[in-house]
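Notes follow the structure.
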């Protein structure tokens, strides 16, 4: 399993954030379905081969908890940020995205449209 450390270049994050790198079809399909909870500083970074609106849509069926969803374009600029409600949401970003960051809802205020996001390999 590969992890990355996520940085918001436009504004400092309140605490370190790491995300599981998820680039395979199976990993993206499964996402966080069936996961009971996320640790406070952990998330999932879904990586798509190309940018798209409908291809990076997020469904919340099978989810046990709400999420903060952050969509990023090819240049890693935030193009949309929304709260996704467990079992009640299918969300399509307002602009084409290539990366989708799924986090606990308390991270919503840490990301804004236009922010620049970077990541690097996480080493413990």
(request) List every residue pair whose Cβ atoms lie under 6 Å apart, where the two residues are 6 or more positions apart in sequence or sit on different chains, the first residue falls within segment 1-14 and is touching a residue at least 40 places away in the same chain (Cβ under 8 Å), and the second residue, located anywhere, is assigned to a loop (DSSP other than H, G, I, E, B). (result) 3/122; 4/122; 5/122; 8/115; 10/115
(request) Determine whether residue 80 is in contact with a strand residue (DSSP E or B) (Cβ under 8 Å, 6 or more places away or on another chain), modelled with pLDDT of 95 or more and assigned to a strand (DSSP E or B). (result) yes
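Being modelled with pLDDT under 95, part of a loop (DSSP other than H, G, I, E, B) and within 25 Å of residue 37 (Cβ to Cβ), is that true of even one residue in segment 99-115?
No, segment 99-115 has no match at all.
Can you go through 23, 19 and tell me which one is at pLDDT 95 or above and under 14 Å from the mean Cα position of the chain (by Cα)? If you could, list the steps in order and put the result at the bottom.
Values: 23 fails: at pLDDT 95 or above.
Unique residue meeting the criteria: 19.
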(request) Return the pairs, sorted by first residue and then second, in which the second residue is at pLDDT below 85 and part of a loop (DSSP other than H, G, I, E, B), the first residue lies in segment 19-41 and is on the phi > 0 side of the Ramachandran plot, the beta carbons are less than 8 Å apart, and the residues are 6+ apart or on different chains. (result) 34/62
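Scan segment 56-77 for residues that are in a strand (DSSP E or B) and either under 19 Å from residue 25 (Cβ atoms) or within 11 Å of the chain's Cα centre (by Cα) (or both) and jot them down. I'd like the intermediate steps shown before the answer.
The first filter runs over segment 56-77 and keeps only residues in a strand (DSSP E or B), leaving 58-59, 67-72, 77.
Scanning segment 56-77 gives 58, 59, 67, 68, 69, 70, 71, 72.
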(request) Determine which single condition residue 93 fails, assuming it passes every other condition in (1) surrounded by fewer than 13 Cβ atoms within 10 Å (Cβ to Cβ); (2) touching a residue at least 40 places away in the same chain (Cβ under 8 Å); (3) not in a strand (DSSP E or B). (result) (1)
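Does residue 84 satisfy the criteria of being under 18 Å from residue 19 (Cβ atoms) and exposed (fewer than 15 other Cβ atoms within 10 Å of the Cβ)?
On the way: under 18 Å from residue 19 (Cβ atoms): yes; exposed (fewer than 15 other Cβ atoms within 10 Å of the Cβ): no.
For residue 84, the condition - under 18 Å from residue 19 (Cβ atoms) and exposed (fewer than 15 other Cβ atoms within 10 Å of the Cβ) - is not met.
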(message) Under 7 Å between Cβ atoms, which residue pairs at least 6 apart in sequence (or on different chains) link something in segment 44-70 that is in contact (Cβ under 8 Å) with a residue 40 or more places away in the chain with a partner that is surrounded by 20 or more Cβ atoms within 10 Å (Cβ to Cβ) and assigned to a helix (DSSP H, G or I)?
(response) 48/56; 68/107
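The values are calculated or read from the model by the stated rules, or taken from the named source; none is laboratory data. Here the structure is a predicted model, which is why all the values come from computation and not from measurement. Here Cβ is always computed from backbone atoms with ideal geometry, including for glycine, and neighbour counts include all displayed protein chains.
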